[in-house]
Amino acid sequence: MQSFNPYTQKIIQDYSEFSKIGLQEKIEATQNAFKIWKETSFEKRASLMLNLASLLKKNKKSLGELMTNEMGKPIKQSIAEVEKCAWLCEYYAEIAEKTLQNKIIETDASKSYVRYEPLGIVLAVMPWNYPFWQYFRFIVPNLMAGNVGLLKHASNVSGCALAIENLFYEAGFPENVSTTLLVSSKNTAQIIEHNLVKAVTLTGSFAAGSAVAALSGKHIKKTVLELGGNNALIVFDDADLESTLNTVVNARYQNAGQSCIAGKRLLIQKSIADIFTSKLKEKVSTLKFGNPLDSETEIGVLAQEKFALDLEKQMNESIKMGAKLMLGGKRENAFFEPTILINVSEEMPVFKEETFGPLLGITIFQTEDEAIALSNNSEFGLGVSIFTENETRIQKMISSLDEGAVFINELVKSDPRLPFGGIKNSGYGRELSTDALFEFMNIKTVFIK
C-alpha cells in the first residue's frame, strides 16, 4: 500500500497491510470499545465531539496539506474540507440527543414507545476524493448515536486515514471507537463477513457498491451506498447569466471535477446557447493550474494518472462520435486540462457515463420536456441543478426529475442539515441531517400492559 503525491510524482510513504491476526485483533478491540461507548451519555459524546471540532480547526492547515499531498486537491479546498468537518461535529453534538429520544405512541397499552439502539460496529469503505469529509459524514452521526466505526480507506490516502484515527484519540474518545484498517480492497470481504461487523456503508463506484451489497445481503447486513452521479446542470433562457456561469464553473471544476455531485452534463436552452458557451469558455480558460500547495491554485492534478487516462479515453471516444473540442483536452501525467466538449449527444460516453475529472459536455435543448427527458436519461440519480426564475417551471421540474436532490439556482452540495443520497444506480440510504442518525439503529418497539 502506497501514498503517492500526484503532483510531484513522488512516493510519500509505503504502508504494510494488516495481517489476518492483526485485523482480527483490531475488530475485537473495536467491539470492546462499543460495549463502553454505547453506555456513554449523550452529554459526554457531545463534549468529545466539540473537542474534535476544535482540534480540526486548530490543525486545519497541516491536515489540509496532508490531504493535498496525498490526492492533489488545491490547498484552499483542502482546508475548507477540514473546516466543514468541524461544522459537522458541532451540528451533531447539538441535535443528536433530542433527535434520538424515545418516541411515545398512544396504543391500547399502558405505555408504548419506540426506542433507538445502536447496532454496533459499522464498516465504512471510503474513497479518496474527499478523504476527511466522506468518512466524517458517516462516523460523526453514528458515534453520536452510539455506534462505532471501522474505516477501510482508499490506499492512496492512508496517511489521512491514520491521521483521522489519531484525531479521535487526541480529542479524548475511547480508543478504537473509530479504527483505521490498512487493508486492500481485495481483502475487504473478510471484514464484511466478520460476525462482529453489523453493517456497511460505502461511497464509491457502482461496481464496488454492487459487490459490497451482494456480500452484505448474503450475511443479512444493512448497507448504505453512495455510488456516484452524472448530475445535470439545466440552464434556461431566463437564468441570471453571470451568476449561473460562476456556479456552473464551480460545480464542474472544483476538486478538479473529482466529485460525485459535480455537475457533469451541461444542458443549455437553445436561445442562449451561443452566448452562454462563449462566456463559459472564457471563464474556464482563466482557471489557474499550479502547485496544489499554492493558495492561488484553482485546478490541481487528478489523484492518480490512471484517472486522467480514463477521462482522456471518454473524451476521445466522444469526439470520434461527433462531439467537438471547444477548450482544453490535453493531458500530462495526472494533470488534465479543464475541458469543454460541445455537440454532445445522448449516446456518447461523456453523456452516459460518470466523468470523474474536469471535463464538461454540453447538450442543447429547446423545451422544458426535452430538458427533463435529457436529465432523466441517466442510470444515476444523485442530484440536479436547475437555473431559472420561473416559479411554475421550478415546481414542474422538482416533481419530474428522478434525483435524490434538486437544487435551484445553485450547485448540488452536501450540508449537515440536509439528507444526502441518491436513487437508481447512485445507491440508497441517506447520510447527513437527522436521517443519518437512524440508518444504523435498531428501531425497537416497546409495549407495556
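Name the residue that is surrounded by the fewest Cβ atoms within 10 Å (Cβ to Cβ), counting only residues in region 147-180 that are more than 30 Å from P6 (Cα to Cα) and among the β-branched types (V, I, T).
The extreme case among them is V177.
Considering only region 235-281, state which residues are over 13 Å from P338 (Cβ atoms), of a type in the set (D, E, K, R) and assigned to a helix (DSSP H, G or I).
The answer is E242, K270, D274, K279.
Pick from V284, V249, V301, V235: which is within 18 Å of S78 (Cβ to Cβ) and either of a type in the set (V, I, T) or not assigned by TED's automatic domain parsing to the domain that holds I340 (or both)?
Result of the check over V284, V249, V301, V235: V301.
Given the residues E81, E97, which is the only one that is over 17 Å from the mean Cα position of the chain (by Cα) and either modelled with pLDDT under 95 or of a type in the set (D, E) (or both)?
From the options E81, E97, the qualifying one is E97.
Quick one: which residue in A373, A436, A405 is surrounded by fewer than 14 Cβ atoms within 10 Å (Cβ to Cβ) and modelled with pLDDT of 95 or more?
Just a single option satisfies the conditions, and that option is A373.
Pairs needed: first member in region 103-125, over 26 Å from E39 (Cβ atoms) and part of a loop (DSSP other than H, G, I, E, B); second member anywhere, aromatic (F, W, Y) and modelled with pLDDT of 95 or more; C-beta distance under 8 Å; at least 6 residues apart or different chains.
T107/F447; A109/F447
Please work out which one of (1) of a type outside the set (D, E); (2) touching a strand residue (DSSP E or B) at 6+ places or on another chain (Cβ under 6 Å); (3) buried (at least 24 other Cβ atoms within 10 Å of the Cβ) is the condition M144 fails and give its number.
(2)
Matching residues to (1) within 30 Å of A93 (Cβ to Cβ); (2) among the β-branched types (V, I, T); (3) in the same structural domain as R331 (by TED's automatic domain parsing):
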{"position": "E346", "(1), (2), (3)": "no, no, yes"}
{"position": "F356", "(1), (2), (3)": "no, no, yes"}
{"position": "F365", "(1), (2), (3)": "no, no, yes"}
{"position": "I372", "(1), (2), (3)": "no, yes, yes"}
{"position": "S375", "(1), (2), (3)": "no, no, yes"}
{"position": "E431", "(1), (2), (3)": "yes, no, no"}
{"position": "F440", "(1), (2), (3)": "yes, no, no"}
{"position": "K444", "(1), (2), (3)": "yes, no, no"}
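Inspect all residues belonging to region 326-335 and state whether any of them is under 19 Å from V248 (Cα atoms), under 23 Å from the mean Cα position of the chain (by Cα), crowded, with 16+ Cβ neighbours inside 10 Å and not β-branched (V, I, T).
The answer is no; no qualifying residue exists.
Give the number of residues within region 405-432 that are part of a loop (DSSP other than H, G, I, E, B), charged (D, E, K, R) and out of contact with any Pro (no Cβ under 6 Å at 6 or more places or on another chain).
Matching residues across region 405-432 total 4.
Consider I191 carefully, then state whether it is at positive phi and either at pLDDT 95 or above or outside the structural domain of K152 (by TED's automatic domain parsing) (or both).
Taking the combined requirement at face value, the residue does not satisfy it.
The values are calculated or read from the model by the stated rules, or taken from the named source; none is laboratory data. Quick caveat, the model's predicted, so the values are computed rather than measured. Cβ coordinates were reconstructed from backbone atoms using ideal geometry, including for glycine residues, and neighbour counts include every protein chain displayed.
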